[in-house]
Amino acid sequence: MADGREAESSAAQRAYAEITERMASGELRPGIWLREESLATSMGISRTPVREALRKLNSEGLVRIERYRGAQVVAWNREQVAEIYGLRAVIEGYVAAVAAQNVTESTLSRLEANLAEYERTLAEGGAAARQRAAGLNNDFHAMLLEATGNSALIHLLTGVLGLPLVRRTFLRYSPRDLARSAEHHRELIEALQRGDATSAEMIMKVHIRAAQQAALEQQERDAPADG
């Protein structure tokens, strides 16, 4: 019996991960209705874990469940986008400052390796490389968060970093946006190497605000098609 529950829980986690990834890539666009049966069929699993995944997404505010209709992917308005990135700018700026005071040589080496792989991946181009770069970008921010050693910050930000809005914005970055992102990562590493908390915080805030601007510009481009 326990094995059955564990398998069901694992399937629900996989369903959650796949649905959020489809939302992030733009396959499941804001406003679209999600059907348990079609999602289950496409993933090769039963409807029960899909239903559990949708309930979790509903509790996180990423979908809205309506009786008899199913679950609808939530669309973010300009104010919500500004709030999400505003939160990230303040908290991740603080994270960068704390990390600059606590980062170890081991973490610095990992950050440098991440940046090198990030730049190589961006140079490849193509959809698959962009997906890998998105993961590397998330890993970079997660390593900075881990470097603070602050469990409260880690708990607070982990969910925000994984928001489909954040990943979807990155996946649609222009070449200029990608180059800017890599340069900010390099500047952050240099500030951490110097132990310069003030500069690290400022660079991170600029980095997040640039991402916010990209998200808003994408939203404006999508508006006619969504309207």
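The values are calculated or read from the model by the stated rules, or taken from the named source; none is laboratory data. Note that this is a predicted model, so its numbers are computed, not measured. Note that each Cβ is placed from the backbone with ideal geometry, even for glycine, and that neighbours are counted across all protein chains shown. The accessibility values were calculated without ligands, DNA or RNA, using every heavy atom of the protein model including side chains. Shrake-Rupley method; radii C 1.70, N 1.55, O 1.52, S 1.80 Å.
Backbone amide hydrogens, once placed in the peptide plane, bring VAL63 within less than 5 Å of ASN58, VAL74, excluding anything fewer than 5 places away on its chain. Over the chain, what percent of the accessible surface lies on carbon and sulfur atoms, probe 1.4 Å? Using a 1.4 Å probe with all protein chains present, the chain comes out at 51 percent carbon and sulfur. Per-residue Karplus couplings for the range 165-172, computed as 6.51 cos²θ - 1.76 cosθ + 1.60 with θ equal to phi - 60°, are listed in order as 4, 5, 5, 4, 4, 5, 4, 10 Hz, Gly and Pro entered as x. What percent do you get for the relative contact order of the chain when only Cα pairs under 8 Å and 6+ apart count? That works out to 25 percent.
Given their separation in residues at 0.36 nm each and the Cα-Cα distance between them, GLN80 and ALA17 gain 20.4 nm when the chain is fully extended. You can think of it this way: the chain between ALA129 and GLU117 has 3.2 nm of extra reach, that is 0.36 nm per residue less the Cα-Cα gap. Each residue of the range 1-99 gets 138 Å³ once the volume of the Cα convex hull is shared out per residue. Taking a ≥ b ≥ c as the square roots of the eigenvalues of the Cα gyration tensor, the range 98-197 is classed as oblate, since a/c reaches at least 1.5 and a/b does not exceed b/c. With all protein chains in place and ligands, DNA and RNA left out, the 1.4 Å accessible area ranks VAL74, VAL50 as VAL74, VAL50, largest first. Rounding to the nearest 10 and keeping the result within 0 to 90°, find how far the Cα-based axis of helix 175-194 lies from the longest principal axis of the chain. The helix 175-194 is inclined about 50 degrees to the chain.
Over the range 1-83, accessible surface divided per residue gives 61 Å², non-protein components excluded, 1.4 Å probe. Against the main long axis of the alpha-carbon atoms of the chain, helix 78-102 sits at an angle near 40°. Relative to the longest principal axis of the Cα atoms of the chain, the long axis of helix 2-25 lies at roughly 70 degrees. Count neighbours as other Cβ atoms within 10 Å of each site's Cβ, and list the GluC sites (Glu not before Pro) in the range 16-47 that are DSSP loop with at most 16 such neighbours. Those satisfying the criteria are GLU27.
Please give the Cα centre distance for the range 118-154 versus the range 21-43, rounded to the nearest Å. The range 118-154 and the range 21-43 have Cα centres separated by 24 Å.
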